[in-house]
Each structure stands twice: as C-alpha cells, then as structure tokens.
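These notes are about the structure you will find just below.
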Amino acid sequence: MVRRIEAVSVVEAVGDDIRGRLFAGELVGGTALTEAIVAEEYGVSRSTAKAAIEKLTAEGLLQRDAHKPARVPVLDADDVRDVYRTRMRLESEAIRELAAARSVPPAATEANARVRATGAAASIDSVEPDMRFHAALVVALESPRLERMYLSLVDEVRLCMAQVQGRRLLDVQQIADEHQQILDHIAAGDADAAVQCLHGHLTRASDRLIAALAAAP
C-alpha cells in the first residue's frame, strides 16, 4: 500500500513522513529502512528514497554503517544521558537570561496550554507542544547561533521524548504543572529556582527512560 504524502519536494515529503512515524513510535529502534523498502512504501524512485534516507541520517534520526542499510537508532543509557544533559546546559542558560529580565515568552505559555489540553495521563500527543515549550525558552533570546545549536538537537530530543511518552512513563498534567512553575519563577526573576525546576523536570524524564530501556527485553 502506497502511503499518502503532501509534496513539498518529494524528498522532503518522504523524509517528513518518516520523521513523523519515528516520533510517533511507529518505527521502533533497530527497524531497517532500505532504499527498496522506502521506494515501495511511498511509490517513489530508488534515488528519491536514497536522498530521503541520507537526509534523515544527516539529522541523526537514522544510523547507517558502511555497506549496511539505514536503521532507526537504538537508544542506550549513554545516548539518553547525553541528550538530556545537553538540553539542560542550553535551556538553563536561556532560563537565567529570561529570569534576569523577568521575561516570560508568550510562545512558551501558549505551548504549555497545548500540553495541558492533551489531557491524557501519558500521551504521545503531548510531545510536540512539550518540545515547543522548551524551544520557546531558547528562541526567546533572539540569538540565531544559540537557536541553531538548540534546533540541531531538537530531533534527537523528540526521538527520546517519543520513547518516553510512548512508554507511558510521565504524567502530562505533571509536565504542564512543572512547566508553569518554571514560567512563574522566570516571572519572579528567580533564576536559581527556575533552573532547579528544569533540572528536576529533565532528570526525571531521563531517569525513567533509562530505567525503561534497561528493563526492556
């Protein structure tokens, strides 16, 4: 069955659809994506399939060793720790600058309302607005270089978060409550409290995902 896509360029459209499947947990770690498989699923040429696979590999969403097909990465504990540690470094500095100015980004407030609106105890639907919340903290600094650094990490973060929420490890309302605490501390100019909330927020997600990966068969 040929999957339906909305074309931007065909390569981008195929890549975007595969990316969505990764974030939805439809393509699990270790799944092989050969040029032949992608070409057949999407009804495109092998060269188009190859270009889409190469694009996702460059983004870190697929892994490809020499003379082997591309595969969905199998995240291990070290990968998760590094992704979340890098998030903490970038986001905590953003929070400190925002708190110094007592500046709460409207985009972060809006994104958190979307997180809360998903309603379910642990929903994959919360991943995208959750990421928008955290990205809004960095983007609000209006630093193109810092934003590029963070956005280069975003897809790996989404992949981790999709696995977290796909395993139903975190309560969505607790996520929204902790986001709001961060924003409240920023508004009050209390950078240390805001960073402490962020640290607990990210550490719990990281720890629970690592534990779940360790327990997986």
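With unit charges on the beta carbons (Lys and Arg positive, Asp and Glu negative) and the dipole taken about the Cα centre of the stretch 77-215, which residue among Gln173, Leu141, Ala100 sits farthest to the positive side? Projecting each Cα onto the dipole axis, the largest value belongs to Gln173. Put +1 on the Cβ of every Lys and Arg and -1 on every Asp and Glu Cβ in the stretch 10-71; which of Gly30, Val11, Ile53 then has its Cα farthest towards the positive end of the dipole? Comparing the listed Cα positions along the dipole, Gly30 ranks first. Modelled spin-label separation between Ala113 and Ala100, with each label point placed 7 Å from Cα along the Cα-to-Cβ direction: 3.0 nm. Since only Ala66, Ser206, Pro129 are under comparison, the one whose Cα sits farthest along the positive direction of the charge dipole of the chain, derived from C-beta charges on Lys, Arg, Asp and Glu, is Ala66. Just the protein heavy atoms count here, and of the accessible area of the chain at 1.4 Å, carbon and sulfur take up 51 percent. Considering only GluC sites (Glu not before Pro) in DSSP loops that have at most 15 other Cβ atoms within 10 Å, the longest stretch of the chain without any of them is 60-141.
Note the angle between two axes, namely the Cα long axis of helix 127-139 and the longest principal axis of the Cα atoms of the chain, as a number of degrees from 0 to 90, rounded to the nearest 10. The answer is roughly 60 degrees.
The magnitude of the dipole of the chain, with charges of +1 and -1 set on the Cβ of Lys/Arg and Asp/Glu and taken from the Cα centre, is near 340 debye.
With respect to the chain, whose longest principal axis is taken over its alpha-carbon atoms, helix 106-117 is tilted by about 70°. The relative contact order of the chain, computed from alpha carbon pairs under 8 Å that lie at least 6 residues apart in sequence, is 23 percent. Accessible surface calculations at 1.4 Å, restricted to protein heavy atoms, place the stretch 1-94 at 55 Å² per residue. Taking the three principal axes of the alpha carbon atoms in the chain, the coordinate ranges are 56, 39, 33 Å, sorted in descending order.
Packing, as the average of other Cβ atoms within 10 Å across residues, places the peptides 205-214, 179-188 in the order 179-188, 205-214, highest first. Relative contact order for the stretch 10-71 using alpha-carbon pairs under 8 Å, separation at least 6, rounded to a whole percent? Worked out over the stretch 10-71, it gives 37 percent.
Return one number: the angle in degrees, 0 to 90 and rounded to the nearest 10, between the long axis of the Cα atoms of helix 144-166 and the longest principal axis of the Cα atoms of the chain. That helix lies at roughly 80 degrees to the long axis. Its residue count N fixes a reference of 2.2 N^0.38 Å for the stretch 10-71, and the Cα radius of gyration divided by that reference is 0.98.
Note on the stretch 189-217 and the stretch 53-132: Cα centroid distance 13 Å, given to the nearest whole angstrom. Between Ala70 and Leu33, the built amide H atoms are under 5 Å apart, and every one of these is 5 or more places off in sequence or on another chain. Placing +1 on the Cβ of every Lys and Arg and -1 on the Cβ of every Asp and Glu, with no other charges, gives the stretch 10-71 a dipole of roughly 200 debye about its Cα centre.
The values are calculated or read from the model by the stated rules, or taken from the named source; none is laboratory data. These figures come from a predicted structure and were not determined experimentally. So basically every Cβ, Gly included, is an ideal-geometry build from the backbone, and we count neighbours across all protein chains shown. Heads up: the accessible areas ignore ligands, DNA and RNA and are worked out on the full protein's heavy atoms, side chains in. Shrake-Rupley method; radii C 1.70, N 1.55, O 1.52, S 1.80 Å.
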